[in-house]
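Beneath this line is the structure, given in structure tokens, with notes to follow.
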Amino acid sequence: MDYYESFSTVGAGVGIAGMVLEQTWLFGIVLAIVGMAALLLRLAWRRDMQISD
């Protein structure tokens, strides 16, 4: 049995999974920042305004 081929396959899978998880965390952080900014604008700057204002 050739173990080197299975090692390269496992390594590629771990690398791809690592990139996906890293991008998922990055997307979550960006989404949280955008959500907090929208909430801050709504609560602080546009406190007494309606949607049409």
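Since every read-out is calculated from the coordinates, none of them should be taken as a lab result. Everything quoted here is computed from the prediction, not taken from an experiment. Glycine also receives a Cβ, built like all others from the backbone with ideal geometry; neighbour counts cover every protein chain displayed.
Remark: region 18-33, residue by residue, has Karplus-estimated 3J(HN,Hα) of x, 5, 5, 5, 5, 5, 5, 5, 4, 4, x, 5, 4, 4, 5, 5 Hz, where x stands for each Gly or Pro and the curve is 6.51 cos²θ - 1.76 cosθ + 1.60 at θ = phi - 60°.
Modelled spin labels at Gln50 and Ile29, positioned 7 Å past Cα toward Cβ, are 4.1 nm from each other. Note on Arg47, Arg42: ascending count of other Cβ atoms within 10 Å places them as Arg47, Arg42, the fewest first.
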